[in-house]
1. Filter the range 68-94 down to the residues that are touching a Lys or Arg at 6+ places or on another chain (Cβ under 7 Å) and either closer than 20 Å to R17 by Cβ or aliphatic (A, V, I, L, M) (or both) and list them by number.
2. Looking at the range 94-109, can you tell me whether even one residue there is at pLDDT 75 or above and in contact with a Phe, Trp or Tyr (Cβ under 8 Å, 6 or more places away or on another chain)?
3. Looking only at the range 68-119, filter to residues that are among the β-branched types (V, I, T) and in a helix (DSSP H, G or I); which one of those is surrounded by the fewest Cβ atoms within 10 Å (Cβ to Cβ)?
4. Might you let me know whether the range 48-64 holds any residue that is modelled with pLDDT of 75 or more, surrounded by fewer than 16 Cβ atoms within 10 Å (Cβ to Cβ) and under 21 Å from I103 (Cα atoms)?
5. For the range 4-34, give me each residue that is modelled with pLDDT of 90 or more and either among the small types (G, A, S) or more than 30 Å from N54 (Cβ to Cβ) (or both).
6. Identify all residues within the range 69-116 that are basic (K, R) and over 17 Å from R12 (Cα atoms); write none if there are none.
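The values are calculated or read from the model by the stated rules, or taken from the named source; none is laboratory data. Computed from a predicted model, the values in this text were never measured in an experiment. With ideal geometry, Cβ positions are generated from the backbone for all residues, glycine too; neighbour counts draw on all protein chains shown.
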Amino acid sequence: MNKSDFKIYKERLLEIRSLLRGDITQMADATLNKNGGNAGNMPIHMADIGSDANEQEFTLSLMASEEDTLGAIEKALEKIEDGGYSRCEECGGGIPKSRLNAIPYASHCIKCANALQDG
């Protein structure tokens, strides 16, 4: 990889990070506003309470997943600065551009990612 490649991936990572931060903020605001204690929004039926709890749990799960992705993005940005970007954390080999184009914050080559997923 050359400097212009690193610059392109850095820009992509920064863009994804910005989008995810906005998504997380929106989800948190929506969850807080929905459950903000307004009596007018208080569910009347037990089924409504269960649906609200299920929706909130799903939203929290999405937020946790996006927080994990943000962590991976931060790590990838650090690797760009340190010169370790596009290197597999497991085997030390190169991560193909095709994989980085699909997942710019990938930290493992396909072979190692598959092995980690299976194991």
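1. First pass over the range 68-94, keeping only residues touching a Lys or Arg at 6+ places or on another chain (Cβ under 7 Å): 70, 73, 77, 80, 85, 94.
Hits for the range 68-94 are L70, I73, L77, I80, Y85.
2. From the range 94-109, those at pLDDT 75 or above are 94-109; that's our starting set.
Next cut, in contact with a Phe, Trp or Tyr (Cβ under 8 Å, 6 or more places away or on another chain) only: 100, 104.
Looking through the range 94-109, at least one residue is at pLDDT 75 or above and in contact with a Phe, Trp or Tyr (Cβ under 8 Å, 6 or more places away or on another chain).
3. First pass over the range 68-119, keeping only residues among the β-branched types (V, I, T): 69, 73, 80, 95, 103, 110.
When the remaining residues are screened for being in a helix (DSSP H, G or I), the result is 69, 73, 80, 110.
Details: T69: 16, I73: 21, I80: 18, I110: 13.
Here the answer is I110.
4. Within the range 48-64, one or more residues are modelled with pLDDT of 75 or more, surrounded by fewer than 16 Cβ atoms within 10 Å (Cβ to Cβ) and under 21 Å from I103 (Cα atoms).
5. Hits for the range 4-34 are S4, D5, F6, K7, I8, Y9, K10, E11, R12, L13, L14, E15.
6. Filtering the range 69-116 down to residues basic (K, R) leaves 75, 79, 87, 97, 99, 111.
Matches in the range 69-116: R87, K111.
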